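Beneath this line is the structure, given in structure tokens, with notes to follow.
The values are calculated or read from the model by the stated rules, or taken from the named source; none is laboratory data. All of these numbers come straight from a predicted model, not from anything done at the bench. Please note: Cβ atoms are built from the backbone with ideal geometry, for glycine as well, and neighbour counts cover all protein chains shown. Side chains are part of the model used for accessible areas, which takes the heavy atoms of the whole protein and leaves out ligands, DNA and RNA. Shrake-Rupley method; radii C 1.70, N 1.55, O 1.52, S 1.80 Å.
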Amino acid sequence: MPRDAERHAVEEWIARTALGDQAAFDALYAATSGRLYALCLSVLRSRAEADEALQDCYLRVWRGAGRYAVNGLSPMTWLLTIARNCAIDRRRAAGPALQPAPLDDAAALPAPGPSAEAAMLGREAASRLASCMAELDPARAEALRGVYLRGMSYAETAEAQGVPLNTIRSWLRRGLLTLRACVNR
Amino acid sequence: MTDRDPPRDEDEALLAEYALGLLPEAEAAPLARRIAADPTLAARLRAWQEDLAGLAEGLDDVAPPPRVKAAIDRAAHGAVPRRGLLGWLGAGVVAAGLAGVVLVREWPLLRHRVALTASDSGAVYDIALDLRARRLTAELREGAPRPGRDAELWWIAPGGQPISLGVMPHAGAVRRELPDAVPADPAAPGGVTLALSDEPAGGSPTGQPTGPVVASDTLTTL
């Protein structure tokens, strides 16, 4: 299956990166940076900030590749989690100045090569999540996307909706539990 | 707020919030300790991370500017020029589809151990090198070479010609002396590549690799 072969290739690149193989690290970057940069841009809404976050992210990958084999995550989830954490850290560090806003550079450049992400993430898993997200009420689904894709905190979500933080937290937790029950079906 | 949730639901929600970065530090820190101590919690956290990563599915790739990679390389590798795999070896590894590399255990200086998986046969060889005792042990751990063919092991120092370390056993383990050409200098193993090539039965007739690379790994010292 092409998907399994691509996942295997990414895992090999991560394993070789752990041994200091720069060519493997270059290949890993070429295959995955388009997806990770898109997530950083989604959270940070600024190319300058996303550039910095992506740099932090791949340095963490370079230094932490040796721990990949023991963490049990699929390769793209591991990479996306690192990228999102770097972007969120940067967003929180920037403070209130970095508000959700239109991207400061509207033109998106095409990726350098075929996107490995769609194949590697696991089409079934993604579509199960998509159908479960569709079962949530739209406001809750949108709020969850805001948290994941834009790094919104409970405080920001509460302010955006004009309700107390505890209310938002209870509401979103219910949505997460509904999502979990649906995905596990 | 969540008084009516059973404990499992409470944990499930906390794990999702943790994965999303929503927890205040006062709640995140004790949860992190619980996760470190409880493999079941860790597995449920991973399930959240996997599922939530699906939310990135809708994003279109965006190419980062080249200067980002340049900055990463400077920070990761400094000013040292990048060493790709050697010419013959590089082409062979690409052709073989990046076989090999299961694990390298770092033994002090003079002893090295690698496991190589031949991409053509799937055979797994466990190889131990003792540079002080001048000894190589190679063991077939699983699988078998293809009929009528042999996997031959090569020691390749940067810029050097491959040195044959002999053909891999068809069963069990073999022990042999390292050839004189393999340096005794313990500093040498940094950057040395071990590779398997696919050869006719009995090994290469020429003393140099004649077939494609089916596995490779780099010896490192730390």
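Approximating the spin labels as points 7 Å out from Cα along Cα→Cβ, the residue A:184-to-residue B:67 distance works out to 4.9 nm. Whole-Hz Karplus values for region A:139-144 come out as 5, 5, 4, 5, 5, 5 Hz, taken residue by residue from phi with 6.51 cos²θ - 1.76 cosθ + 1.60 and θ = phi - 60°; glycine and proline positions read x. Here's how it looks for residue A:74: its modeled amide H is under 5 Å from none belonging to a residue 5 or more places away or on a different chain.
Could you tell me how far the Cα centroid of region B:35-77 sits from the Cα centroid of region A:146-173, in Å? A separation of 23 Å, based on Cα centres. Once the partner protein chains are put back, region B:40-57 shows a loss of at least 20 square angstrom of accessible area, versus the chain by itself, at B:46, B:48, B:49, B:50, B:51, B:52, B:53, B:54, B:55, B:56, B:57 (probe 1.4 Å, ligands and nucleic acids excluded). Between residue A:94 and residue A:170, what is the FRET efficiency for a Förster distance of 30 Å, r being their Cβ-Cβ separation, to the nearest 0.05? Step by step, r from the Cβ atoms, then E = 0.60. Projected label points at residue A:159 and residue A:30, each 7 Å from Cα along the beta carbon direction, are separated by 4.4 nanometres. Summed over both chains, the area buried between B and A is near 5600 Å², taken from the accessible surface of protein heavy atoms with a 1.4 Å probe.
Summarising the label geometry, the points placed 7 Å from Cα in the beta-carbon direction at residue B:144 and residue B:10 lie 5.9 nm from one another.
Residues of region A:164-185 with accessible area at least 10 Å² lower in the all-protein-chain context than alone (1.4 Å probe)? When all protein chains are present, A:166, A:169, A:170, A:173, A:174, A:176, A:177, A:179, A:180, A:183 each give up 10 Å² or more of accessible surface. Taking 0.36 nm per residue of separation and subtracting the Cα-Cα distance, full extension of the segment from residue B:137 to residue B:201 would add 21.0 nm.
Look at the stretch A:29-35: the mean tally of other chain Cβ atoms within 10 Å of its residues' Cβ atoms is 4.
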